[in-house]
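Chemist: One structure is given below, represented as structure tokens, and several questions about it will come after.
Please treat every number below as a calculation from the coordinates, not as lab data. Computed from a predicted structure; not experimentally measured. Heads up, the Cβs are rebuilt from the backbone with ideal geometry, glycines too, and the neighbour counts pull from every protein chain shown.
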Amino acid sequence: MSVRPIVLYAESPEILRKKSQNVKGDAAEVAQLITDLKDTLLSHSDGIGLAAPQIGVNLRAIVVCLGFGPGEERKPPMAIINPVILEAGREQPDFDGCLSFPGLYGETIRPHFIRLSGMDESGRQLERTLEGFDAVVVHHEVDHLNGVLFIDRAADGGKLFTKAEARRA
Ligand code: ZN
């Protein structure tokens, strides 16, 4: 198990702004990367997604906990390698946050329907249709692979808020 430090936007924006390369490396290296991503994500109780650049690796791999809803237990993370969004729609505002911006939240406009292809962690080709908040989570992580951050998609003039402020609203 290796929990890696998360790259923070306030400290190293250039790492998070870099576009990531497709994963091609040998299976053992890819497996280690996925394990590190999952371990790091699970070490943060409020995380439901993590992209490789957030642990300083500019490769196209993400892990996401799908099926997340208010007051629900986080499901085990799944990995998607070299994800490609084939189709996206139903854009609307939703809650967003990022482990690279600890304690800050905002509302972003993202698709609530996506169809994507990629590879699972055993190297098998996958294609999935995701709806609702699952689509939001995956879209957020795929954005990271292109150097796009949630502050770029913020609705409401880009205003961010803390958790305490969100509860008062
Ligand atoms: Zn993020």
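Chemist: If you find the alpha carbon centre of region 1-67 and of region 93-169, how far apart are they in angstrom?
Modeler: 15
Chemist: Which is farthest toward the positive dipole end of the chain among Leu116, Gly132, Leu99, measuring Cα position about the Cα centre, with Cβ charges +1 (Lys, Arg) and -1 (Asp, Glu)?
Modeler: About the Cα centre, the residue reaching furthest to the positive side is Leu99.
Chemist: In a Gaussian network model over the chain where Cα atoms closer than 10 Å are linked, find which of Gly25, Gly56, Gly89 has the largest mean-square fluctuation.
Modeler: Residue with maximal mean-square fluctuation among Gly25, Gly56, Gly89: Gly25.
Chemist: Here's something else I'd like to know. Which one, Val64, Ala27, Phe150, projects farthest toward the positive side of the charge dipole computed for the chain from Cβ point charges (K/R +1, D/E -1)?
Modeler: Result: Phe150.
Chemist: What's the FRET efficiency of Ser43 with Ser12 using the Cβ-Cβ distance as r and R₀ = 30 Å, to the nearest 0.05?
Modeler: 0.95
Chemist: Can you give the convex hull volume per residue for the Cα atoms of region 61-169, as a whole number of Å³?
Modeler: Convex hull volume per residue, Cα atoms: 104 Å³.
Chemist: For the chain, what is the calculated [θ] at 222 nm in deg cm²/dmol (nearest 500), taking -39500 (n - 2.57) for each run of four or more DSSP H residues and dividing by its residue count?
Modeler: -7000 deg cm²/dmol
Chemist: Can you list, bin by bin at 10 Å, the percent of alpha carbon pairs in region 91-140, starting at 0?
Modeler: All Cα pairs considered, the percentages come to 25, 41, 28, 6.
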